[in-house]
Amino acid sequence: MRNLFAFAAGGFFGAGLFISGMTDTTKVQGWLDVFGAWDPTLAFVMGGAMIPMAIAWLITRRRTSAVLGTAFPPTPSRKIDRKLVIGSLMFGVGWGLAGLCPGPSIAALSYGGVGLYVFVAAMITGMAIAPFVRTRLEKIVPAE
Amino acid sequence: MQVDWIWGLAGGLLIGIGGAVYLLFNGRIMGASGIIGGLVDGSGLDTKWERLSFLVGVFLLPIVLYPLYREVNPHITDNLLILVAAGLFVGVGTRLANGCTSGHGVCGMSRLSLRGFVATACYILAGGIGVLIFRHLFGVI
């Protein structure tokens, strides 16, 4: 049952990425290209996605657990640490360079061609080495 | 070109519905980098089937919708160096930050999470500067 709903959620996510145009790297780079031909589409996607999501967060306040029994995620931490900032800056550079982030890279896998396989392989490699980078970062900056 | 924002909004709503289903039924935050990353570094292997089911859904629905469109072109660069560098940055960065556009952006900001807003500001800033430098200065993307 969990898998069925996870599949459904993934289906909505994949369909949404597809029809919104977010698997087109030119639209993502167009959003980031403030000094060129700026494309506002991404803002509509982000705004549109936050509407059902905000309602869902409100519903979680009225329930003790998810429909399938799991506890809801805990209240988010307010800790702004170097990992969050450095990680997000790194992610942003990669996102701008290729116009791809993790979700759309999976959604476009069936039609993105060889270039996308290269990107996804590199992304998976990056995710595999991330724990080592994290350890190094904590060693350099022990103050956290 | 004029109707792009309507499709963006419609697609966005679908993305949000996906996140709502994942939260309300499975009790989890829909973050693509976390779902993939947990499988890659082994931290999420106890929920591997749930994660894989989600990813199959993400992969499969565009295949179903694909025939309805006359032309779909993701315009992925053929510069392998850029693709490898970008992939590594996205992989390491999202795992360090514990989230990407879906987790910190869609799910985080919609619950007014401070970390979500800070992360989103950082990756949009870095992405914007990246495009400025690599497109307008070096002309490589």
Subset of segment A:3-26 (residues that are touching a residue at least 12 places away in the same chain (Cβ under 8 Å), crowded, with 24+ Cβ neighbours inside 10 Å and assigned to a helix (DSSP H, G or I)): A:F13, A:G14, A:G16, A:L17, A:F18, A:S20, A:T25
Any residue in segment A:30-51 that is acidic (D, E), open to solvent by 10 Å² or more (accessible area, probe 1.4 Å) and under 19 Å from the mean Cα position of the chain (by Cα)? no
Scan segment B:47-72 for residues that are open to solvent by 50 Å² or more (accessible area, probe 1.4 Å), at pLDDT 95 or above and not aromatic (F, W, Y) and report the count. 6
Count, please, the residues in segment B:25-34 that happen to be over 17 Å from B:M109 (Cα atoms) and either open to solvent by 10 Å² or more (accessible area, probe 1.4 Å) or out of contact with any Gly (no Cβ under 8 Å at 6 or more places or on another chain) (or both). 2
With A:A43, A:A66 as the choices, which residue is without any contact (Cβ under 8 Å) to a residue 24 or more places away in the chain and either among the polar types (S, T, N, Q) or facing another protein chain (nearest Cβ under 7 Å) (or both)? A:A66
Could you go through segment B:81-95 and let me know if any residue there is at pLDDT below 95 and of a type in the set (K, R). no
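Yes or no, residue by residue, for (1) within 19 Å of A:M53 (Cα to Cα); (2) surrounded by fewer than 24 Cβ atoms within 10 Å (Cβ to Cβ); (3) facing chain A (nearest Cβ under 7 Å); (4) aliphatic (A, V, I, L, M):
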{"residue": "B:L88", "(1), (2), (3), (4)": "no, yes, yes, yes"}
{"residue": "B:V106", "(1), (2), (3), (4)": "yes, no, yes, yes"}
{"residue": "B:T120", "(1), (2), (3), (4)": "yes, yes, no, no"}
{"residue": "B:L125", "(1), (2), (3), (4)": "no, yes, yes, yes"}
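The values are calculated or read from the model by the stated rules, or taken from the named source; none is laboratory data. Quick caveat: nothing in here was measured; it's all calculated off a predicted structure. No Cβ is skipped: glycine too gets one built from the backbone with ideal geometry, and neighbour counts run over all protein chains shown. For the accessible areas, the whole protein counts, side chains as well, though only heavy atoms, and no ligand, DNA or RNA atoms are used. Shrake-Rupley method; radii C 1.70, N 1.55, O 1.52, S 1.80 Å.
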